[in-house]
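For reference, the structure discussed in these notes is given below.
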Amino acid sequence: MSSKKDWFTDWFNTKYYHILYQHRDDYEAQVFMNNLVRFLNISKGSSILDLACGKGRHSIYLNTLGYNVTGADLSINSIKHASLSKNESLNFIVQDMRLPFPFKKDVVFNLFTSFGYFADDQEDIRVLENIKNCLNKDGVAVLDYLNVTKAIKNLVAEEEVTLDGIVFKITKEVKNGFIIKKIEFTAEDGYHSYFERVKCLDLAYFESYVAKAGLKIKHCFGDYNLNGFDIEKSNRLILVLE
Ligand SMILES: C[S@@+](CC[C@H](N)C(=O)[O-])C[C@H]1O[C@@H](n2cnc3c(N)ncnc32)[C@H](O)[C@@H]1O
């Protein structure tokens, strides 16, 4: 693991990340979770790890559906926020996904592009191994990534988005196998510059990653309504792993 502060430690821990991504809301999470638990036929009382849970929009809803949920995330601020919703069957922990989990679960979710951040492929594979080792027998994992093929084809090199009175200047490029998004803005506390960097992982790449971690792709969907994956049209690449 790199010792200096990584981009994903900084950016996701800011309030500005949540302002920029406010459209990724509870409603989107609930539609997706309803479809997924129905498809996977997850019985009430099952244990679920929401890995890289952010402020817990999926965890909190899954808990209302009758599951025992643990949300884990690296962002101390997000876990603090999520923990306000804690109860007997819903808890949140700060944990780096590259470290093994101290428990076993029936289901592990990794949702909304919470993967592909690390420069070293071995670290991504380690995350998949951690997921595998965390699963009970007959457990299932779901990894919800972007469809990099479509994202690259439709990449908007430069745009400005105004949200909550902040003008975010966003530039995107593909470099060394990563989609890099630079985010610049001036807020009440001055000028900020952050970036996001996600690996160009397509289905073929995932097949080899997943196999290295001892998992198999059982199903592949292209959106939160669980329509089939279409490399040209789908926005998401959602993998059900066993
Ligand atoms: C794109 S956000 C998605 C959050 C949440 N799943 C959602 O849908 O709202 C990615 C999340 O991954 C978390 N994250 C980044 N690197 C991580 C790591 N190494 N270990 C655990 N969580 C990490 C971030 O803090 C952030 O909350």
> Taking all protein chains as present, what is the carbon and sulfur share of the accessible area of segment 81-230, in % to the nearest whole number, probe 1.4 Å?
Replying inline: 49
> Reachable lysines from K218, Cα under 29 Å, same-chain residues fewer than 8 places away excluded?
Replying inline: K44, K55, K104, K105, K132, K137, K150, K153, K199, K233
>> Largest first, please: the extent of the C-alpha atoms of segment 156-196 along each principal axis, to the nearest Å.
In response: 35, 18, 11
> How large is the charge dipole for the chain, taken about the Cα centre, if only the Cβ atoms of Lys, Arg (+1) and Asp, Glu (-1) carry charge, to the nearest 20 debye?
Replying inline: 520
> Taking the Cα centre of the chain as the origin and placing charges on Cβ (Lys, Arg +1; Asp, Glu -1), which of L84, N225, I42 is farthest toward the positive end of the dipole?
Replying inline: I42
>> What is the ratio of the Cα radius of gyration of segment 69-140 to 2.2 N^0.38 Å, with N the residue count, to two decimals?
In response: 1.14
> If the convex hull of the alpha-carbon atoms of the chain is projected onto planes in all directions, what is the mean projected area in square nanometres?
Replying inline: 12.8
> Rolling a 1.4 angstrom probe over the protein heavy atoms, how many square angstrom per residue are accessible across segment 156-196?
Replying inline: 61
>> Using only DSSP helix segments of four residues or longer, with each worth -39500 (n - 2.57), what per-residue ellipticity at 222 nm results for the chain after dividing by its residue count and rounding to 500?
In response: -8000 deg cm²/dmol
> Measuring from the lowest to the highest alpha carbon on each principal axis, how far does segment 100-226 reach, largest first, in angstroms?
Replying inline: 50, 32, 32
>> Of G190, V167, N154, which is farthest towards the positive pole of segment 154-206's charge dipole, taken about the Cα centre with +1 and -1 on the beta-carbons of Lys, Arg and Asp, Glu respectively?
In response: N154
> Taking 0.36 nm per residue of separation and subtracting the Cα-Cα distance, what length does fully extending E159 through V174 add?
Replying inline: 3.8 nm
> Taking the Cβ of V174 as the center, what net charge do the other residues with Cβ under 15 Å away carry, scoring Lys and Arg +1 and Asp and Glu -1?
Replying inline: +4
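The values are calculated or read from the model by the stated rules, or taken from the named source; none is laboratory data. The model shown is predicted, which means the values in this text are computed figures rather than measured ones. Heads up, the Cβs are rebuilt from the backbone with ideal geometry, glycines too, and the neighbour counts pull from every protein chain shown. When the accessible area is computed, the model is the full protein with side chains, heavy atoms only, and any ligands, DNA or RNA have been set aside. Shrake-Rupley method; radii C 1.70, N 1.55, O 1.52, S 1.80 Å.
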